[in-house]
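Beneath this line is the structure, given in structure tokens, with notes to follow.
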Amino acid sequence: EKVLRFAHDNKADMLENPAHAFTGVFKNIVEAASNGEIRVEIYPSNQLGSAKEHIQMVRDGQIQGTLSSTGALAGYYPRIGVLDVPFAFNSNASTYEVLDGSFGKALAADIDASLGDVKVLGFPDTGGFFSVTNSKRAINTLEDFKGIRIRTMTLPTHQKIIQSLGGEAYPLAWGEVYSSLQTGVIDGQMNPIPTVTFAKFDEVQEYLTLTNHLFAPYTLMLNKAFYDGLTDEERKIIHFAAQSGIVAGRGLSRVIEASERGLEGLKKTMKVNALSATERERFREATQPVVIEDIRQVQDGKGVELLDLFLNETQQANDKLYLN
Amino acid sequence: MTIALILVVLLIIGTPVGVALGLAGLAGMFSIGGLHFASLAPAKVFNGLNIFPFLAMPFFILAGEIMNHTGITSRLVQFSQALVGHFRGGLAHSNMVASVFFSGITGAATADAAAFGRTLVPAMVEQGYSRPYACAVTAAGSIIGPTIPPSGLMVVYGSLMGVSIGGLFATGILPGLLICLVCMAIIAVFAKRKNLPKAAQRASLRQLLGHFKGSLLALLMPLIILGGIVSGIVTPTEAASVAVAYALFIGSVVYRNLSFAALFRMLISTAQISAVIYLIIGAASIFGWWLSFNQIPQFIATFISQLSDNPNVILLLIIGLLLVVGMIMDINAMLIILAPVLVPLTEQIGMDPLHAGIIFVLALNISLMTPPVGACLFVLSSVTGEKLERISAELMPFLIGQLILLMFLAFTPEVTLFIPRLLGY
Amino acid sequence: MSRCQRLSSRLSGRINLLNQRVVGVLMAVLLLDVWIAVLDRYLLHWQISWVEELARYIMIWAILLAVPCCTAGREHIGLSTVVQHLPAPVQRGLRILVDLLSLLFFGYLAFSGTELVVKGLQQVSTVFGLPMAYPYGAIPVAFGLAALQSLLALLRDCGRDRLEPAADSEKALQLQ
Ligand code: NA
Ligand code: NA
């Protein structure tokens, strides 16, 4: 019997968050298809540590698998920063297309090569596009951003995006975000919809704008030695279980967005608006060239190569029509 | 089981709590997979402390140190005496009231116990109180400090469990005042029978105002902290740094008795006081990792929820567990190890996170006074030279009163949550 | 007092003095850093990105570096009630054992912490983009010093109950 200990940073409810939806489906398929030869033990809710620690534990082999956020992975693999291009995707479908396609393959291969001790199996959904919430005003035009103080993660590109839009970006620790929004230390924040509902930001924020400016997937990784130690048959199981889990996580993300726990519910407590096509184009023009330039500055040759592939692939995916 | 035994033995032979937790955790890691697993320990220590809101703790300590340096503690005691000193058992009552005033500049029960153990206990003994009784009163009042904001324990709880620290601060005000009232009632009830002295003259209005003015700057501190947080000017962590700025202003501009050298010494002592706690938190993270890896927390949680599905019974079990473990365990270590197990249970039974938080914090604070391991008892015993057992005996009525209060607050969320709701939490 | 005891006492004191100065300076920098964050939001509007990250790492350095100071002054809390009831030679033996255990724990963290620092060379911090080896360095340095201080404290006291000024032991208990 082989034990695959798998850690992630979200709650232990399959219907509550995409991470556990992935993990639950993955575990079910692996255990059933291997007829119990591989046992999957799940450690949700950061029980074993932070997302960054999970990566280190996978690399060192104390656990065998994790889903890591781009923020956590950036410390080990700075080239993940190429995903920070704002307004790169125009739909969820393009994110699937790009992350499952040749860019996803190239990225996974490069992470494997750079780290040397992990095997990347795919890029599950963390909950969808980033939106912006705030307590000042509905953001319909670029000008509406002026003077709004937005909390961002401590990622320079995230700060740059808000600043290019005309807002002010202040990094705050996650633990202080809710109360800071509540008391007005800051006016707004940016995160995917499930995070907004999960953290109950709707209680302390009035406006939700579906800017869809960023998409940050999880990176699904296993310990390389563990992966290499599997039989060919077992490896096949792991791969198709991963694929199904990724589909399930994406499905749940869309379901959450559409349900009471997503937009449907948020519409009752917040004023929700989407950007018009022309306005979205202005947002893109204001941010994308600046951020791309920044990314080019900090990335090495291989990173720039990945960036160009990413831009090219997103372009194609954005133009593509389903079954067409 | 072996690991738990190792921990208990290490604690009994007097190993520092942090070292005991760390070694037991290391032994646990080693038993899973040898040095390969034990090598996780340094990262656990680092990441157990790599939490921004933890900063609030040293800053609140520093603010308290500076305020103390300015001599504000004795002003607060004088003001309390002017208020309630003329009753029978006047100094005992003053001790309680002074704890309430003092709470605004301290985040820790042991700070209160140490300061009053050195000043008020000798004063009480001189007036004819028995030493154990004087110590018991001081111990009972000492937990008002970490209940009324600021509170180091609330900072740790809030940052670990994702609960609003400002909200916890607001929730603590009422329970803190109630502890004072309950203890004063107990003092009053036994005052005649214990023949407590009644020494002071009733203060005139003019004297009262004079003492009030002398204490005003200290009394403003909690208002500045909570006001800064509630009004949205600062985050709780930043509020702590503002409290330091306020204390510095008072020390250097108002009282003018703060030198750079003294400030530098206080910066060092603040770091040392924090280091004692942080070592325990870091080591508890090692031990906690071993527990999590073996999925022991889930086992305990499942066990409790299998005993009953009645929310009231589950709440009682949680409180009971905290109090029992609190008899032998350090409260910060308990927070790291038990909160992730028990807080999800409170969610399951539908408790408001602020309500659950304050019950948690109160139960831990009460365990600072329960023998054999109770930090406040240790402090008082070491400061006054009184035997721990004799203090504990005199403490009983207060302990029972506080436990009844804890139960009352646990089962009346509408009372407990009144102030936070009023402030918009 | 034997020569060895005097020597270790003096050495411990010397190291501690320097150690405390470094801690004091780091604490001052920490305070300034958080003040800047508040000023930035209301006055400067520089939208500084490094305040939070710098504060966390300086806090860890400052407070972990204070651990050896506490070790030198025997300020770490432990349960003394049980041991006090035992016969004097047993007490002395247990105190020596406890010092050795502290030495073991701190020593292991320092030793194993160097591996963490080596791993940290290949990991970069989010804002500064600097190797995580710098913040991780606090672990081997602080616990290495703590191990040294527990060794010196062991040689200095040799299991005897050290008569401390009361103020020191209170300090240790002041935050619970
Ligand atoms: Na307080
Ligand atoms: Na206790």
Please compute the contact order of segment C:3-162 in relative form: average sequence separation of alpha-carbon pairs under 8 Å and at least six residues apart, divided by the residue count, as a percent. 33 percent
May I ask which residue of A:Q47, A:M270, A:F129 lies farthest towards the positive end of the charge dipole of the protein assembly as shown, with charges of +1 (Lys, Arg) and -1 (Asp, Glu) on Cβ and the Cα centre as origin? A:Q47
Taking all protein chains as present, what is the carbon and sulfur share of the accessible area of segment C:3-162, in % to the nearest whole number, probe 1.4 Å? 69 percent
With DNA, RNA and ligands ignored, accessible area of B:M67 (1.4 Å probe; Å², nearest 10): 0 Å²
What is the dipole size for the protein assembly as shown, taken about its Cα centre, with +1 at each Lys and Arg Cβ and -1 at each Asp and Glu Cβ, in debye to the nearest 20? 3420 debye
When the accessible area of segment B:57-113 is computed with all protein chains present and a 1.4 Å probe, what percentage of it is carbon and sulfur? 56 percent
Please give every one of the lysines within straight-line cross-link reach of A:K224, meaning a C-alpha to C-alpha distance under 29 Å, and leave out same-chain neighbours fewer than 8 residues apart. A:K2, A:K11, A:K27, A:K52, A:K105, A:K119, A:K236, A:K302, B:K44, C:K119
The local net charge around A:L266, scoring Lys/Arg +1 and Asp/Glu -1 for residues other than A:L266 whose Cβ lies under 12 Å from its Cβ, equals -1
Can you work out the PRE-style zone for A:Q243? Point 7 Å along Cα to Cβ, and I want the residues of segment A:77-100 with backbone N under 14 Å. A:100
With B:A134 itself left out, Lys, Arg at +1 and Asp, Glu at -1 over residues whose Cβ is under 13 Å from its Cβ give +1
Scan segment C:1-101 for chymotrypsin sites (Phe, Trp or Tyr not before Pro) in coil per DSSP, keeping those whose Cβ has at most 15 other Cβ atoms within 10 Å, and list them by number. C:W46
Select from segment B:120-220 those trypsin sites (Lys or Arg not before Pro) which occupy a DSSP coil region and have at most 16 other Cβ atoms within 10 Å, ordered by residue number. B:K192, B:R193, B:K194, B:K198, B:R202
Interface A/C, total buried accessible area with a 1.4 Å probe, nearest 100 Å²? 1600 Å²
In deg cm²/dmol, rounded to the nearest 500, the helical mean residue ellipticity at 222 nm of chain C, built from -39500 (n - 2.57) for every DSSP H run of length 4 or more, is -24500 deg cm²/dmol
Quick one: what does P(r) look like for segment A:186-262 with 5 Å bins over all Cα pairs, in whole %? 3, 11, 18, 18, 13, 10, 9, 9, 6, 3, 1
Charges on Cβ only, +1 for Lys and Arg, -1 for Asp and Glu, centred on the Cα centroid of the protein assembly as shown; of B:V276, B:L5, A:L83, which one is farthest towards the dipole's positive end? B:V276
Antiparallel versus total DSSP beta bridges in the protein assembly as shown: what percent is that, nearest 5? 50 percent
Treating segment A:9-117 as a set of equal point scatterers at the Cα positions, no solvent, please give the Debye-formula log₁₀ I(q)/I(0) at q = 0.11, 0.22 Å⁻¹. -0.43, -1.40
Interface buried area B-C, accessible surface with 1.4 Å probe, both sides summed, nearest 100 Å², comes to 5900 Å²
From highest to lowest solvent-accessible area (probe 1.4 Å; ligands, DNA and RNA excluded), A:E41, A:E305, C:E115 read A:E305, C:E115, A:E41
Explain nothing, just the number: dipole magnitude of segment A:60-123 about its Cα centre with +1 on each Lys and Arg Cβ and -1 on each Asp and Glu Cβ, in debye rounded to the nearest 20. 40 debye
With no solvent and one equal point scatterer placed on each C-alpha of segment C:3-162, evaluate the Debye formula and give log10 I(q)/I(0) for q = 0.09, 0.10, 0.15, 0.21 Å⁻¹, two decimals. -0.41, -0.49, -0.88, -1.27
Before rounding to the nearest 500, sum -39500 (n - 2.57) across all DSSP H runs of length at least 4 in chain A and divide by the residue total; then give [θ] at 222 nm in deg cm²/dmol. -15000 deg cm²/dmol
If you roll a 1.4 angstrom probe over the protein chains with everything in place, what fraction of the accessible area of chain A belongs to carbon and sulfur, to the nearest %? 52 percent
Scaled by the rule-of-thumb 2.2 N^0.38 Å, the alpha carbon Rg for segment B:50-422 gives a ratio of 0.97
Give me log10 I(q)/I(0) at q = 0.16 Å⁻¹ for segment B:101-233, Debye formula, one equal scatterer per alpha-carbon, no solvent. -0.95
Peptide-level mean, for B:166-175, of C-beta atoms on other protein chains within 10 Å: 1
For chain A, accessible area per residue (1.4 Å probe, heavy atoms of protein chains only), Å²: 37 Å²
Shape box of segment B:250-402 [Cα atoms, principal axes, largest first, Å]: 60, 37, 30
Quick check: from the Cα gyration tensor, does chain A come out rounded (a/c under 1.5), prolate or oblate? prolate
Averaged over B:56-67, how many beta carbons belonging to a partner chain fall within 10 Å of each residue's beta carbon? 2
Expressed as a rounded percentage, what relative contact order does chain A have, with Cα pairs under 8 Å and six or more residues apart? 27 percent
Roughly how many Å is it from the Cα centre of segment A:118-190 to that of segment B:160-201, as a whole number? 43 Å
Average other protein chain Cβ within 10 Å of Cβ, residues B:225-236: 5
Judged on accessible area alone, 1.4 Å probe, highest first, A:E1, A:E143, A:E279 line up as A:E1, A:E143, A:E279
Probe 1.4 Å, all chains present, heavy atoms only: B:L321 accessible area in Å², nearest 10, is 50 Å²
What is the extension gain from B:L316 to B:F260, computed as 0.36 nm multiplied by their sequence separation minus the C-alpha to C-alpha distance, in nm to one decimal? 15.1 nm
Would you kindly find the accessible area of A:D60, with a 1.4 Å probe and non-protein molecules such as ligands, DNA and RNA excluded, rounding to the nearest 10 Å²? 40 Å²
Rg (Å, one decimal) plus Dmax (Å, integer) for the alpha carbons of segment B:1-143? 21.4, 66
Considering the convex hull of the alpha carbon atoms of the protein assembly as shown, report its projected area averaged over all viewing directions, in nm², one decimal. 38.7 nm²
Just to confirm, what accessible area per residue do you get for chain B at 1.4 Å probe, in whole Å²? 34 Å²
Assigned charges on the beta-carbon of Lys, Arg, Asp, Glu; segment B:276-425 dipole about Cα centre (debye): 140 debye
Which value in nm describes the separation of the simple spin-label points at A:K105 and A:E37, placed 7 Å from the Cα toward the beta carbon? 2.7 nm
Based on DSSP H runs of at least 4 residues, each adding -39500 (n - 2.57), what is the mean residue ellipticity at 222 nm of chain B after dividing by all its residues, to the nearest 500 deg cm²/dmol? -25500 deg cm²/dmol
Threshold 20 Å², probe 1.4 Å: give the residues of segment B:271-288, in number order, that are less accessible with all protein chains present than with their chain alone. B:A271, B:Q272, B:I273, B:A275, B:V276, B:I277, B:Y278, B:L279
Extreme residue, positive dipole direction of chain C, given options C:V117, C:L54, C:F128 (C-beta unit charges): C:V117
Quote the relative contact order of segment B:1-132 in percent (integer), defining contacts as alpha-carbon pairs under 8 Å separated by 6+ residues. 14 percent
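The values are calculated or read from the model by the stated rules, or taken from the named source; none is laboratory data. Given the structure is predicted, the values throughout are model-derived calculations rather than measurements. All Cβ positions, even for glycine, are placed from backbone atoms using ideal geometry, and neighbour counts span all protein chains on display. Surface areas here come from the heavy atoms of the whole protein model, side chains and all, with no ligands, DNA or RNA. Shrake-Rupley method; radii C 1.70, N 1.55, O 1.52, S 1.80 Å.
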